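What follows is a set of notes on a single structure, which appears directly below.
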Amino acid sequence: MWMSTIVYSASLVVSTMLGFNETANETGQLWAICGIGALAATFALMGGMHAVIWTDVMQFFVLLSGLITMMVIGVQRSGGLSHIVQTGIDFDRFRMPPAFSLTAELSIAGGLLLGFAGMLSSAGADQVVLQQYLTANSEREAKASLWRNGFFLKPMSFIYPFP
């Protein structure tokens, strides 16, 4: 599902850049989707798994730099960090949720349980993570890949709710 969303989003940009709109070319976006898919498949076939993994590494840094840029611009345009903190205080956003509650909208135990279930589903079924495991040369390298994934990607999970 996420891969089709990425291809569709990229096709919107590409079709706009090439001037494919509904009045000039009704099938322009379809051609953009097919072109992006063909380029990605050709790249993977020519470069192999090595190229795919390095593309994932570059994609990580592009997404991280985009996230940091968004946060910096957001803080600047909203009046600075002190204004953001004061607004959070005014609207009671810094109150800790209860440790365990069946009726509260959010609890620490519920958040940890949700994170654990999300990590299990990601670590066992996500195509990107599985590709890291299956291309490892040894069990030791696969375990190291899992640790790197947790070390680099999981902190981003804490950053995303803040912007």
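Where a number appears in this text, it was derived from the coordinates with a stated rule and is not lab data. Only a predicted model underlies this, so the values are computations on that prediction, with no experimental measurement involved. Note that we place each Cβ from the backbone using ideal geometry, even for glycine, and neighbour counts take in every protein chain shown.
Data overview
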{"read-out": "Derived scalar couplings ³J(HN,Hα) [the range 117-122; Karplus, 6.51 cos²θ - 1.76 cosθ + 1.60; whole Hz; x for Gly, Pro]", "value": "5, x, 5, 4, 5, 5"}
{"read-out": "Hydrodynamic radius of the chain per Kirkwood, over alpha carbon pairs, in Å", "value": "19.8 Å"}
{"read-out": "Under the Karplus curve 6.51 cos²θ - 1.76 cosθ + 1.60, θ = phi - 60°, whole-Hz ³J(HN,Hα) for the range 44-49, x wherever Gly or Pro sits", "value": "5, 5, 6, x, x, 5"}
{"read-out": "Calculated from backbone phi, Karplus (6.51, -1.76, 1.60) coupling profile of the range 14-20 in Hz, x at Gly/Pro", "value": "5, 5, 5, 4, 8, x, 7"}
{"read-out": "Coil-residue trypsin sites (Lys or Arg not before Pro) of the range 54-125, DSSP, other Cβ within 10 Å capped at 13", "value": "Arg93, Arg95"}
{"read-out": "Theoretical FRET efficiency, 1/(1+(r/R0)^6), r = Cβ-Cβ of Arg95 and Leu39, R0 45 Å, to 0.05", "value": "0.35"}
{"read-out": "Least to most buried among Ser121, Ser107, Ser101 (fewest other Cβ within 10 Å first)", "value": "Ser121, Ser101, Ser107"}
{"read-out": "Charge tally in the Cβ shell below 15 Å around Val85, where Lys, Arg are +1 and Asp, Glu are -1, Val85 excluded", "value": "0"}
{"read-out": "Gain upon complete extension [Ile73, Arg148; 0.36 nm per residue less C-alpha separation]", "value": "24.1 nm"}
{"read-out": "For the chain, calculated [θ]222 nm from helices alone, where every DSSP H run of n ≥ 4 adds -39500 (n - 2.57)", "value": "-26000 deg cm²/dmol"}
